[in-house]
Amino acid sequence: MKLGVVTRKGKRREDIRMFSQFFEVKVYEIPENLPELIDEPDKILRLPEDFDVDMIVSFAAHPDINLELIKQAAERGIGLIVVSGGARGGAYKQLREEGEKRGVRVVWEEICCATPKVEDERVREFFEHFGSPEMEVSVENGRIKDARVKRSAFCGATYFVAEKIKGLGVEEAPTKAGYYAQIFPCVAPRDGIHKAARAHKRAVEKAIEKALKG
């Protein structure tokens, strides 16, 4: 599948690198610094005609840009936009209603670690690789022998966590997973970083529980 990414100039390079390992990625950059209110967002965001993608991940972090993005996505028949960054990207209700009006589904999350799976055959492949973290572990003598990422946060934090918990005892691994998620270079706001920690802690707890059940 083809993935579009809208981001501030020079930002979210690690996310784009991660996406590019699995998909053909087209990137559209907007200026790094934008005014709080944008009267004519179409002068800043103008997707090219060859922006022929199956879905878009927006790191624009601006409500006016994201509303304009929904409009332009609809014009190109792009049916799904994932808005990352929470309130910085706009109010979910407003974005969702605008999407519904134009036939574009909007998935809005404060942090990428909380992005749910979307059951849509056209974009299923993306959500198999990215979204709320999911891992598999093997346990030997009460320790994590190996850890494998099934689904990673957009930024790649889940891969970092998986490497760090190898060799840890099953009792300490979940808490350590939360800690390592927080020290990974995360661009989420302070509260979002804590949510990322909890998401990875839960992912490791579930993986351990499954491994111990055999």
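Any read-out appearing in this document is the output of simple, stated calculations on the displayed coordinates, not a laboratory observation. In this text the structure is predicted, and so the values were computed from the model without any measurement. Note that each Cβ is placed from the backbone with ideal geometry, even for glycine, and that neighbours are counted across all protein chains shown.
If packing is taken as the average count of other Cβ atoms within 10 Å, what order do 70-76, 34-40 fall into, highest mean first? Walk me through the numbers on the way to the answer.
Details: 70-76: 19.0, 34-40: 10.6.
The peptides rank, most packed first, as 70-76, 34-40.
Would you calculate a helix-derived [θ] at 222 nm for the chain, using -39,500 (n - 2.57) for each DSSP H run of n ≥ 4 and dividing by the full residue count, to the nearest 500? Let's see the in-between values first.
Working: 7 runs with 82 residues, N = 214.
Here the helix-only value at 222 nm equals -12000 deg cm²/dmol.
Might you report the magnitude of the Cβ-based charge dipole of the chain about its Cα centre, with Lys and Arg at +1 and Asp and Glu at -1, to the nearest 20 debye? Don't skip to the end; give the middle numbers.
Values: 37 positive and 36 negative charges, 156 e Å.
I would put it at about 740 debye.
For residue 2, list the aspartates and glutamates whose Cα falls under 16 Å from its own Cα; do not include residues on the same chain fewer than 8 positions away.
Qualifying aspartates and glutamates at Cα under 16 Å: 15, 24, 49, 50, 52, 54, 120, 121, 125, 128.
Only helices at least 20 Å long along their axis, Cα-based, and averaging -1.0 or more on Kyte-Doolittle count here, so list those DSSP H runs from the chain. Each step should come with its number before you reach the end.
On the way: long enough: 190-213 (35 Å, -0.94).
Those that pass (Cα extent of 20 Å or more, hydropathy at least -1.0) are 190-213.
Going by Cα centres, the stretch 11-39 and the stretch 126-169 are how many Å apart?
Cα centroid of the stretch 11-39 versus Cα centroid of the stretch 126-169: 26 Å apart.
Assuming 0.36 nm per residue, please report the length gained on full extension of the stretch residue 21 to residue 212 beyond their Cα-Cα distance.
Numbers: separation 191, 0.36 × 191 = 68.76 nm, distance 3.16 nm.
Gain in length upon complete extension: 65.6 nm.
Whole-Hz ³J(HN,Hα) for each residue in the stretch 42-58, computed from phi via Karplus 6.51 cos²θ - 1.76 cosθ + 1.60 with θ = phi - 60°, x for glycine and proline: what do you get?
So the Karplus estimates, Gly and Pro as x, are 5, 7, 9, 10, 9, 4, x, 4, 8, 7, 8, 10, 7, 7, 10, 9, 9 Hz.
Suppose the chain between residue 118 and residue 145 were pulled fully straight at 0.36 nm per residue; how much longer would it get relative to their current alpha carbon spacing?
Working: separation 27, 0.36 × 27 = 9.72 nm, distance 3.16 nm.
Full extension from residue 118 to residue 145 adds 6.6 nm.
What FRET efficiency would be calculated for the residue pair residue 205, residue 1, taking the C-beta separation as r and a Förster radius of 22 Å, to the nearest 0.05?
So the FRET efficiency works out to roughly 0.10.
Could you tell me which of 194, 56, 114 has its Cα farthest along the dipole of the chain towards the positive end, charges placed at Cβ (Lys, Arg +1; Asp, Glu -1), taken about the Cα centre?
Toward the positive end, the furthest listed residue is 194.
Using the beta-carbon distance between residue 52 and residue 163 and R0 = 30 Å, what value does 1/(1 + (r/R0)^6) give for FRET efficiency, to the nearest 0.05? It would help to have the intermediate numbers written out before the result.
Details: r = 36 Å, r/R0 = 1.20.
E(calc), rounded to 0.05, equals 0.25.
Any of 150/210; 26/201; 26/164; 164/201 with alpha carbons more than 23 Å apart? Name them for me. Walk me through the numbers on the way to the answer.
Values: 150/210 14 Å; 26/201 32 Å; 26/164 32 Å; 164/201 13 Å.
The pairs that break the limit, which is 23 Å between Cα atoms, are 26/201; 26/164.
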